[in-house]
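Since every read-out is calculated from the coordinates, none of them should be taken as a lab result. In this text the structure is predicted, and so the values were computed from the model without any measurement. For neighbour counting, all protein chains shown are included, and Cβ atoms are generated from backbone atoms with ideal geometry for every residue, glycine included.
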């Protein structure tokens, strides 16, 4: 098996505003980007476009302290502010009682799509704590 093409350091640095750590960016490229058929630059531009297509509900922005909320409320809030998104296109993922991510499935043309496969790993807690964003 050939090693995957190494990701240029400048591309990794350009993604730190969306992805919180260099090792996550390198892992994303090694695990998913290298078999996408896209160059590294095009792959990460697509990630940036996908992120721009998803609106974060205003009540979850700029948290200065932890917020406790039901996973279903998180899904409903995302559906409300993202036309075309529905709960079968997303899953709230938690680590114990802490929100770790909101996964949203999109087609290659960046349209929301159903994705039952991620729902198996969805959070089964009644409530999760949403941490404040780094930097307030």
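Computed values, structure above
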item: Two-site FRET efficiency, residue 35 against residue 100, from Cβ-Cβ distance with R₀ of 25 Å, rounded to 0.05; result: 0.50
item: Rounded to 10°, Cα long-axis angle of helix 71-81 versus longest principal axis of the chain; result: 70 degrees
item: The chain: relative contact order in percent, alpha carbon pairs under 8 Å with at least 6 residues between; result: 23 percent
item: Separation in nanometres of the label points that stand 7 Å from Cα toward Cβ, at residue 87 and residue 62; result: 3.0 nm
item: Peptides ranked, highest mean first, by Cβ atoms within 10 Å: ranges 29-35, 59-65, 95-101; result: 29-35, 95-101, 59-65
item: On Cα atoms only, tilt of 22-31 relative to the major axis of the chain in degrees; result: 70 degrees
item: Length released on extending from residue 115 to residue 69, taking residue separation times 0.36 nm less the Cα-Cα span; result: 14.2 nm
item: Cα-based helix-to-principal-axis angle, 40-53 vs the chain, degrees rounded to 10; result: 20 degrees
item: Separation of the residue 108 and residue 8 label points, Cα + 7 Å toward Cβ, nm; result: 2.4 nm
item: Longest to shortest principal axis, alpha-carbon extents of the stretch 58-130, angstrom; result: 36, 26, 16
item: Length released on extending from residue 80 to residue 23, taking residue separation times 0.36 nm less the Cα-Cα span; result: 17.2 nm
item: Cα gyration tensor shape of the stretch 9-53, rounded if a/c is under 1.5, else prolate or oblate by comparing a/b with b/c; result: oblate
item: Mean residue ellipticity (222 nm) of the chain, computed from DSSP H runs ≥ 4 via -39,500 (n - 2.57), nearest 500; result: -9500 deg cm²/dmol
item: Label corresponding to Cα Rg over 2.2 N^0.38 Å when calculated from the structure given, among (i) 2.01; (ii) 1.20; (iii) 1.13; result: (iii)
